[in-house]
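First up is the structure itself, then whatever we jot down about it.
Values quoted throughout were computed directly from the atomic coordinates according to the rules given, and no laboratory measurement underlies them. Because the structure is a prediction, the values reported are computed rather than measured. FYI the Cβ positions are ideal-geometry reconstructions off the backbone, even for glycines, and counts take in every protein chain you see.
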Amino acid sequence: MDVDRYDDNAVDDGDALPDKVQELAEASVPTSLKGVRACMRCGLLKTLDQFLEYGCDNCPFLDMAGNHERCNLCTTAFYEGQVAVMDPGESWTAKWLRVDEFLPGVYAIAVTGQLDKDIEDEIANRGGRWRCRPVGSDHNEAQS
């Protein structure tokens, strides 16, 4: 009998999951391929229903949970590509997308849209930046 082989039945229920595994288990992923939207600040992809129920995991200060109008102001359906980021701090793709400080999840490669001036000011006052670019913009850099 091979004792090094992993056996699902041999797992002790009292064992805690390693921190990385626990963090991945809580990663935010869209629950459907229809109605996916991107947070205009961080680029996290979720369905509108997920944004309404939980808000944005990276941007709780945007107060999207339970606020349909705020979800429409802070998310967009206009994005290009998607990347699943499992370990943001170690991923070169996460660094390139500038999401290496965020939580694991599925992110848009590029986000198109325009935040309201009030929301931009709120993010800027917190020392943050946003990833969306205005429609017709030809630059690929994140807004600052």
Next on the checklist: Under 5 Å between amide hydrogens, which residues at least 5 positions from Arg37 or on another chain qualify, with H placed 1.01 Å from N in the peptide plane?
Outcome noted: Lys46, Thr47, Leu48
Next on the checklist: 7 Å from Cα along Cα→Cβ at both Gln82 and His68: what's the point-to-point distance in nm?
Outcome noted: 2.4
Checklist entry - According to a simple spin-label model (label point 7 Å from Cα along Cα-to-Cβ), what is the distance in nm between Glu90 and Glu122? => result 3.5
Item to check | Three-way shape label, segment 38-144, alpha-carbon gyration tensor, a/c 1.5 | outcome: rounded
